[in-house]
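Here the structure comes first, spelled out in structure tokens, and everything after it is commentary.
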There are 2 protein chains.
Amino acid sequence: MKTLVIIRNLGLLLLVTSASILLVAAWSCIQWLLGDPSEKAALQALIMTVAGGGLVGMGLWLVGKRARHTVGRRDAILLVATSWFVAAALSAFPYRLWTAFADIAPTDCAFTNYVDCYFEAMSGLTTTGATVLTNIEALPRSLHLWRSLTHWLGGLGIVVLFVAVLPMLGVGGKRLFRVESPGPTPEGVTPRIQETARVLWLIYLSLTVIEILVLRIVGLTWFDSVCHTFATLATGGFSTLNSSVAGYQSVAVDTVIIIFMVAAGVNFGLYFQIIKGRWRSVAGDRELRCYLGFLAIGSALVVFSILNRELVTTDGTTIANADLGDAVRYGVFQVVGVQTTTGFCTADFDLWPFLPKFAMLLLMFVGGSAGSTGGGIKVIRFMMAFKILWAELERVFHPNVVRPVKIGNAVIDTEMKLATMVYFVGIAVLTLLGMVALMLFESGKGIDSITALTASIATLNNIGPGLARVGATCNFGWFTSSSKCVMILLMALGRLEVMTIAVLFFPRFWRGD
Amino acid sequence: MKTLVIIRNLGLLLLVTSASILLVAAWSCIQWLLGDPSEKAALQALIMTVAGGGLVGMGLWLVGKRARHTVGRRDAILLVATSWFVAAALSAFPYRLWTAFADIAPTDCAFTNYVDCYFEAMSGLTTTGATVLTNIEALPRSLHLWRSLTHWLGGLGIVVLFVAVLPMLGVGGKRLFRVESPGPTPEGVTPRIQETARVLWLIYLSLTVIEILVLRIVGLTWFDSVCHTFATLATGGFSTLNSSVAGYQSVAVDTVIIIFMVAAGVNFGLYFQIIKGRWRSVAGDRELRCYLGFLAIGSALVVFSILNRELVTTDGTTIANADLGDAVRYGVFQVVGVQTTTGFCTADFDLWPFLPKFAMLLLMFVGGSAGSTGGGIKVIRFMMAFKILWAELERVFHPNVVRPVKIGNAVIDTEMKLATMVYFVGIAVLTLLGMVALMLFESGKGIDSITALTASIATLNNIGPGLARVGATCNFGWFTSSSKCVMILLMALGRLEVMTIAVLFFPRFWRGD
């Protein structure tokens, strides 16, 4: 292990995070000067965090400054795995310090507990969107901005990581990314990492600017537009309202957010293709079609199931008998919100009948496309799994016929097939382990198994809401700190393709051999 | 497809089944002559079934008589897949006809409905042990004998099939059986099929005779000894008592049945090794150790969890505060009953806390060893899956180190690894599909998701009881006929290693190419 390299890079990460917090602090300062007294404590908290983060970051950077630049595979994995935990540790401080400076009682806000703050920060950076807050609207606006910004930074981080860094490491990404850009462009995204990262960053920034403008046009304030854009494009899910997006009571806002959630779940490499004018390659992309297909079938099923039934929105309105317009508006929004792993809600799907609820749970596992900000298992893996199962069935009666399994023009070799199936089994194992851990840590209060199971699913797949006591109108604040630690780990595991974190529990990883 | 060969063999199967029913009819006749009036209707039903089954069987056999003897792989698969369905169709008639001849009202016995009889027959032949009967003890004794005998025949059938027939077809069996007899005896079981089948039959028969004698010695009547022996060695689970084995209220009976349930879950090839005096090969068998390890760890966990808690036995006794003796007696019995997929119960584990209940559910998936009468996914597949996951984790940071995955001395190739992981995913998919189907077919009455999920698990893995409304003290009679058909299919799928049945839904299987 080249510990020094890791230390230097973590120092750099803390400096970047501090710089981001500094931007929020600057905005907070302006608000305070413009006469918002609630910003005072937040500003103090933000500045303290910047100071602390900057100092520690600088220290680490200085310690590791002399390290050589080349890193091995293990160093890179360790760096990726630790970076989310380290960034979350710093990102949690503005929340914690704000409750201290504002002198808020533990009964009034979960942020008086650092574990809760860490949960919120990890939920933000992993673009999960699960919150510990009961009254979200009680936060000062600068902390809303910071919460949303953690989404946006995490989303950017994961796209760059997935497309540029993980391929080098051969963790999921490489294989997936290789597969999902078929056709005449084997070079796909520019091979050089820095160039790739720059292009992705520009795409992400452009989408951000567009969504902010559109949301402003349909009636949101600039502030709300920015916060919801950050949460949408990162497939995060933090809102500034207790009732989430339903609070705007606007079909236009719902529609715009649906469109951008769908856009966020698309492989960002495809936007690069669009820029290059390769429309045919985009139109022919197998994963894109399959991704839209999942969304369409899921939406149709849910809309059909909730039609002519009672519908309760997240702002508490009860629609006694949902007509087609309501069913489409709320059905499509929840399906897109869940499958893209954003987790924005406008209706309480926990009250729906079994079938649409079960469909929602399955879509949570599907998730977005590879190379998008979406979580979950990813559409491409479902495509591969389906083809592999089909091929294995045929092998039973045609053992000697070797029919290559293909996605587009790319042939999937046996190693990749095995890795895909292992990933599914791994997710199933982690989901169940998470559920058992939550049941055990909550055994004092006694929670139901649906809550434990869906809390595990919702955090592992980076969705946000689950069912029952973690449903669309609930929050995660009531869990014990031990349970929150479990879910923090699940969020990180899900976000970093499981393996990147899982190897840390593997003794041989730490030995020199 | 060589349809004629299949027809001839199915005819033969009907003749063999009829011959078995004839034996029961002969016994029923003796009972009737000895003065048991309740046997009259049963005797009529049995004789009618023999006559009908004999005629149809003879007819099919004559139609197919001239067929050539060689069969292709597809014919063999089709034959195996259909044989369980055909045998169950005939085996159901004694139940149905008995209610007709005895003039029993539909409200008194589920057997007035043929689908229920078919469910019971399939549950018997697949050694599942799930029953549709509310009052089991109301059956005439000859039908008890027939119910138990379907277990025994099904168990024998599956061992022979697994060790002798499936290996030829390359469905699960071959690979598994190759792997699980490591060490100095690659020949393992005598390679020639007829010889192998003869040896397995003798082993099975010897174990049967021994268990009958032992159960008689510990106090059961000859009749009860025979019925419970059939249900134990086949890992079936049908009892002659409403309260299952708990009705004997005897530690000795519990202990004997535990021992023989464990014995039934062992690879029958190992008994062959013992006969040949190859003790070392048995002692060193990796799957045997792992199988016993699962049982031991599961038992320890459950015993610890139910200690000093209230325990309700299946005969309705409440033990207010289970001491170590009770906890061991009932804990071990339920764990062994469930993991070997027998499904005999002496305590209502649906009332236990979450952790032991969850452990029981997981053990349902583990099941017995390959080449035993036990169902489930099989211990060897869990061993392989664990090693595969471990190896894949290492590949993340050591992509160029190829460490072969081994069970004993046998190296597992990539194809076999893939097949193993595909099997796990397949079982997960079927479990969920079964659950959804049950929820939909029962939507009129509205059942809870735990009942639907565990009914799916308990039938697919050939266990018998599940949780909630299909728990240890409940039955499957209240399901709609559509749901029963779903579970009939699940039982057959689970029993025949999924693939054998699943290919029938694959269009290409039926085409000539």
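The values are calculated or read from the model by the stated rules, or taken from the named source; none is laboratory data. In this text, all values refer to a predicted model and were calculated from it rather than measured experimentally. Note that we place each Cβ from the backbone using ideal geometry, even for glycine, and neighbour counts take in every protein chain shown. Just the protein is used for accessible areas: all its heavy atoms, side chains included, with ligands, DNA and RNA removed. Shrake-Rupley method; radii C 1.70, N 1.55, O 1.52, S 1.80 Å.
Computed log10 I(q)/I(0) for chain B at 0.07, 0.11, 0.12 Å⁻¹: -0.36, -0.93, -1.13, from the Debye equation with unit scatterers placed on every C-alpha and solvent omitted. Would you mind computing Rg(Cα) / (2.2 N^0.38 Å) for the stretch A:295-377, counting N as its residues? Against the compact-globule rule of thumb, the ratio is 1.04. Once the C-beta distance of residue A:440 and residue B:318 is scaled by a Förster radius of 35 Å, the resulting FRET efficiency is 0.85 to the nearest 0.05.
Mind checking the dipole of the protein assembly as shown: about its Cα centre, +1 per Lys or Arg Cβ, -1 per Asp or Glu Cβ, Debye to the nearest 20?
Working: 76 positive and 60 negative charges, 815 e Å.
My answer is approximately 3920 debye.
Take the solvent-accessible surface of the protein heavy atoms, probe 1.4 Å, and return the percent of it on chain B that carbon and sulfur atoms account for. Before the final figure, lay out the partial values.
Values: 12800 of 19220 Å².
Roughly 67 percent, rounded to a whole number.
For residue A:387, a cut-off of 18 angstrom between C-alpha atoms picks up these aspartates and glutamates, skipping any fewer than 8 places away in its own chain: A:180, A:285, A:287, A:413, A:415, B:415. The spacing between the stretch B:191-238 and the stretch A:473-513, judged by their C-alpha centroids, is 49 Å. Accessible surface buried by the B/A pair amounts to about 4400 Å², both sides summed, 1.4 Å probe. Solvent exposure of the stretch A:449-498, expressed per residue, is 19 Å² of accessible area, with all protein chains present and a 1.4 angstrom probe.
Mind listing which trypsin sites (Lys or Arg not before Pro) in the stretch A:426-513 are in a DSSP loop and have 15 or fewer other Cβ atoms within 10 Å?
Sparse-neighbourhood loop trypsin sites (Lys or Arg not before Pro): A:445, A:511.
Residues within the reach of a label modelled at residue B:289 (point 7 angstrom out along Cα to beta-carbon, backbone nitrogen below 12 Å), restricted to the stretch B:389-409, are B:407-409. Derived from the Cα gyration tensor, the three semi-axes of the equivalent ellipsoid of the stretch A:44-96 are 26, 15, 5 Å, largest first. Solvent-accessible surface, computed for protein heavy atoms with a probe of 1.4 Å, shrinks by 50 Å² or more for the following residues of the stretch B:424-456 when the other protein chains are added to the isolated chain: B:425, B:436. Sorted shortest first, the distances from the residue B:415 label point to those of the same residue in the other copies are 1.9 nm; each point sits 7 Å from Cα along Cα-to-Cβ.
Charged side chains reduced to their Cβ positions (Lys and Arg at +1, Asp and Glu at -1) give the stretch A:426-513 a dipole of some 120 debye around its Cα centre. Cross-link pairs exceeding 24 Å between alpha carbons, from the set A:2/A:65; A:357/A:378; A:378/B:406: A:378/B:406. For the pair the stretch A:14-59 and the stretch B:343-370, the centres of their Cα atoms are 54 angstrom apart.
Evaluate the charge dipole of the stretch B:362-483 about its Cα centre and quote only its size in Debye, nearest 20, assuming +1 on the Cβ of each Lys and Arg and -1 on the Cβ of each Asp and Glu.
Details: 9 positive and 6 negative charges, 45 e Å.
I would put it at about 220 debye.
For chain B, the 222 nm mean residue ellipticity estimated from helices alone, with every DSSP H stretch of n ≥ 4 adding -39500 (n - 2.57) and the total spread over all residues, rounds to -20500 deg cm²/dmol.
May I ask for the net charge around residue B:28, where only other residues with Cβ less than 11 Å from the Cβ of residue B:28 are counted and Lys, Arg are +1 while Asp, Glu are -1?
On the way: positive: B:40, B:141; negative: B:36, B:39.
Computed value for this residue: 0.
Just tell me the longest site-free run in chain B, where the sites are GluC sites (Glu not before Pro) in a DSSP loop having at most 12 other beta-carbon atoms within 10 Å.
Working: sites that count: B:187, B:310.
Value returned for the longest uninterrupted segment is B:311-513.
Comparing the full protein assembly with the isolated chain, the residues of the stretch B:380-407 losing at least 20 square angstrom of accessible surface (1.4 Å probe) are B:389, B:390, B:392, B:393, B:394, B:395, B:396, B:397, B:398, B:399, B:403.
For residue B:468 and residue B:402, a Förster radius of 35 Å and the Cβ-Cβ distance give a FRET efficiency of 0.15, rounded to the nearest 0.05. Cross-link partners for residue A:276 among the lysines, with Cα-Cα distance under 23 Å and sequence neighbours closer than 8 places in the same chain left out: A:174.
On the beta carbon distance between residue A:40 and residue A:16, with R0 = 30 Å, the FRET formula returns roughly 0.70. Given C-alpha coordinates of the protein assembly as shown, what is the ratio Rg to Rh with the Kirkwood estimate of Rh? Taking Rg over the Kirkwood Rh, I get 1.01.
Under a Cβ-Cβ cut-off of 14 Å, what is the net charge of the residues other than residue A:323 that fall near it, where Lys and Arg count +1 and Asp and Glu count -1?
On the way: positive: A:309, A:329; negative: A:310, A:326.
It works out to a net charge of 0.
For residue A:410, nonlocal amide neighbours, meaning residues 5 or more places apart or on other chains whose placed amide H falls under 5 Å from its own, do not occur. Note on residue A:429 and residue A:107: the extension gain reaches 112.3 nm, defined as 0.36 nm multiplied by sequence separation minus the Cα-Cα distance.
Counting only protein heavy atoms and a 1.4 Å probe, the stretch A:244-325 has 47 square angstrom of accessible area per residue. A dipole drawn for the stretch B:1-115 from +1 and -1 charges on Cβ atoms has a positive end, and of B:90, B:72, B:21 the residue lying farthest that way is B:72. Given the C-alpha centroids of the stretch A:389-439 and the stretch A:244-321, what is the distance between them in whole angstrom? Result: 28 Å between the Cα centres. Hey, can you find the accessible area per residue of the stretch B:327-375 for me, probe 1.4 Å, expressed in square angstrom? Computed with neighbouring chains in place, this is 16 Å² per residue. For the stretch A:483-513, accessible area lost to neighbouring protein chains reaches 50 Å² or more, against the chain alone with a 1.4 Å probe, at A:499, A:506, A:508.
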